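Enquirer: I'd like to ask some things about the structure below.
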Amino acid sequence: MNILILGAGGREHTLAWKLKQSKKLTQLFVAPGNAGTASIATNLAIGVNDFEAIKNAVINHTITMVIVGPEDPLVNGIHDFFLNDDALKAIPVIGPQKAAATLEGSKDFAKEFMMRHNIPTAAYESFTAESLDKGYQFLESLKPPYVLKADGLAAGKGVVILKDLQEAKNELKSMLVDAKFGTASTTVVIEEFLDGIELSVFVLTDGKNYKVLPTAKDYKRIGEGDTGLNTGGMGAISPVPFANDEFMNKIHSQVVKPTVEGLKIDNLPYKGFIFIGLIKVANEPKVIEYNVRLGDPETEVVIPRIKNDLLEVFAAVANGTLDTINLELDERTATTVMAVSGGYPEAYEKGKVITGIENVTDAIVFQAGTTLKNDKIITAGGRVLAVTAFGQDYKEALKKSYENIAKLNFDKIYYRKDLGFDL
Ligand code: AMP
Ligand code: GLY
């Protein structure tokens, strides 16, 4: 098979690394990719939302399957674009159609879906500029802290949590009236604050059958002890030690099953990954969000733990025969630590030469914000390199991730040294 992966991050390098091991693979393309994907596949200089250019590439390179990494093209309807084009409709796309991608594209839609299908989640109400006063009243009825969520995609920045009622009211006004997040905050979801520990569950579905993939926990804050600004993710651990069988059974029966059945009932075709963000509150799972793709850096620990030929698994998703796949998992723990550019998630410099990747042993370096310049790998983004290692438990795996990340260097490299501190 000739495969095209869309995206440019650590997630896509990990998917490329895994698919590269498939017996079914002929040629592998990544658009636009990074220096890591360039080392194992052919990068195509095409943006993930340039559907016409993607169409041309698919035809020119006789691509037989497309795997979509990020949410943007899914929410913009890339899967529908393929289905509506005579030249493309026979080519499977891994990732849901636009209607189901709205689970990530609109928090209000996701909340309504959860309510309709009795999926446990925080109590909430949605507001627009017209109902600003009702929003103020709703905030007054809640206990702090206050959770405000821009309805639409806001590059991971659309959730604001505030302790002070007046600040929460000001924030609501700035989102709704001053369009703080542009059209993404035309509607705002205000919800009950959930106090607990977070984890993510990944599900792969063909629309009828599904497989629960390994759990993972990511570390979102830039600073040690989970302090400072939110980032795309500073590292991840899989499996999550506190997700024992009893708790996973609850997640399965209360969340995963009703989610996949809800998609069927609502006639939302879905072939792809469902990323369920959960908070464990008093031993009960509550959904905080759906994403319609894999997480980054969660992919860097989830995918390496899957032993199957991933292309066979994807073919089963495309054919609607995922029930025939016996998912085999590596029982060990995988951890990844992300090296970022100094200054990230605020302003940072790019173009720094990266050294030391060849010295890494017993760990895998997945590249995120990197590019090639005169045969040198240089930084090209905030999150730069993810170092994944295995161990019998998370402590042993982390030790190896840390031993190896210390061998990497670029000007102003930064990484958190405390992952796992909360476990
Ligand atoms: P989201 O973009 O929905 O993942 O939200 C970003 C982060 O905000 C989550 O990872 C949680 O840490 C936090 N969060 C979201 N919703 C809630 C909630 N209802 N209660 C507490 N924390 C929340
Ligand atoms: N690591 C969180 C995400 O991919 O959304």
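The values are calculated or read from the model by the stated rules, or taken from the named source; none is laboratory data. These figures come from a predicted structure and were not determined experimentally. A quick note on method: Cβ atoms are made from the backbone with ideal geometry, for glycine too, and the neighbour counts reach across all protein chains shown.
Enquirer: For the stretch 5-81, which fully contained helices (runs of 4 or more DSSP H) count at least 1 residues that are touching a Gly at 6+ places or on another chain (Cβ under 7 Å) and not β-branched (Val, Ile, Thr)?
Expert: 10-19, 72-75
Enquirer: Scan the stretch 309-351 for residues that are surrounded by fewer than 19 Cβ atoms within 10 Å (Cβ to Cβ), hydrophobic (A, V, I, L, M, F, W, C) and closer than 30 Å to Lys412 by Cα and jot them down.
Expert: Ala347
Enquirer: Scan the stretch 208-218 residue by residue and report those that are outside any strand (DSSP E or B), surrounded by 18 or more Cβ atoms within 10 Å (Cβ to Cβ) and at pLDDT 95 or above.
Expert: Scanning the stretch 208-218 gives a single hit, Leu213.
Enquirer: The conditions are (1) hydrophobic (A, V, I, L, M, F, W, C); (2) in contact with a Ser or Thr (Cβ under 8 Å, 6 or more places away or on another chain); (3) in contact (Cβ under 8 Å) with a residue 12 or more places away in the chain, and Ala179 fails exactly one of them. Which is it?
Expert: Among (1) hydrophobic (A, V, I, L, M, F, W, C); (2) in contact with a Ser or Thr (Cβ under 8 Å, 6 or more places away or on another chain); (3) in contact (Cβ under 8 Å) with a residue 12 or more places away in the chain, Ala179 violates only (3).
Enquirer: Out of all the residues in the stretch 182-191, is one or more over 30 Å from Asp133 (Cα atoms) and assigned to a strand (DSSP E or B)?
Expert: Checked the stretch 182-191: no residue is over 30 Å from Asp133 (Cα atoms) and assigned to a strand (DSSP E or B).
Enquirer: In addition: Which of the following residues is under 22 Å from Ala154 (Cα atoms), over 15 Å from the mean Cα position of the chain (by Cα) and modelled with pLDDT under 95: Gly228, Gly232?
Expert: Gly228
Enquirer: Among Ala53, Ala100, which is modelled with pLDDT of 95 or more, small (Gly, Ala, Ser) and closer than 26 Å to Thr186 by Cβ?
Expert: Ala100
Enquirer: Would you mind listing the helices (runs of 4 or more DSSP H) fully within the stretch 245-316 where at least 1 residues are closer than 25 Å to Thr336 by Cβ and among the aliphatic types (A, V, I, L, M)?
Expert: Once the helices (runs of 4 or more DSSP H) in the stretch 245-316 are filtered for at least 1 residues that are closer than 25 Å to Thr336 by Cβ and among the aliphatic types (A, V, I, L, M), what remains is 245-251, 299-302.
Enquirer: Right, another one. Between Tyr402, Tyr394, which is surrounded by fewer than 20 Cβ atoms within 10 Å (Cβ to Cβ) and out of contact with any Cys (no Cβ under 8 Å at 6 or more places or on another chain)?
Expert: Testing whether each residue is surrounded by fewer than 20 Cβ atoms within 10 Å (Cβ to Cβ) and out of contact with any Cys (no Cβ under 8 Å at 6 or more places or on another chain) leaves just Tyr402.
Enquirer: With respect to Val256, is the statement that it is within 16 Å of ligand 1 (Cβ to nearest atom) and of a type in the set (A, V, I, L, M) true?
Expert: No.
Enquirer: What residue, among those in the stretch 287-306 that are of a type in the set (A, V, I, L, M) and farther than 20 Å from Leu153 by Cα, is surrounded by the fewest Cβ atoms within 10 Å (Cβ to Cβ)?
Expert: Step by step, filter the stretch 287-306, then rank; the result is Ile306.
Enquirer: Next question. Taking the residues in the stretch 148-162 that are in a strand (DSSP E or B) and crowded, with 20+ Cβ neighbours inside 10 Å as candidates, determine which candidate is nearest to ligand 1 (Cβ to nearest atom).
Expert: The residue in question is Lys149.
Enquirer: Output the number of the condition that Phe193 fails; it satisfies all remaining conditions of (1) among the hydrophobic types (A, V, I, L, M, F, W, C); (2) closer than 30 Å to Val93 by Cβ; (3) within 13 Å of ligand 1 (Cβ to nearest atom).
Expert: Status for Phe193: all satisfied but (2).
Enquirer: Step by step: first the residues of the stretch 360-409, then only those that are touching a Ser or Thr at 6+ places or on another chain (Cβ under 6 Å) and assigned to a helix (DSSP H, G or I), then the one that is farthest from Val240 (Cα to Cα). Which residue is that?
Expert: The selected residue is Ser401.
Enquirer: For the stretch 369-378, check the following and say yes or no: at least one residue is more than 25 Å from Gly343 (Cα to Cα) and out of contact with any Asp or Glu (no Cβ under 6 Å at 6 or more places or on another chain).
Expert: The answer is yes, given that some residue of the stretch 369-378 is more than 25 Å from Gly343 (Cα to Cα) and out of contact with any Asp or Glu (no Cβ under 6 Å at 6 or more places or on another chain).
Enquirer: Right, something else. Step by step: first the residues of the stretch 172-207, then only those that are of a type in the set (Gly, Ala, Ser) and buried (at least 21 other Cβ atoms within 10 Å of the Cβ), then the one that is farthest from Ser106 (Cα to Cα). Which residue is that?
Expert: Ser200
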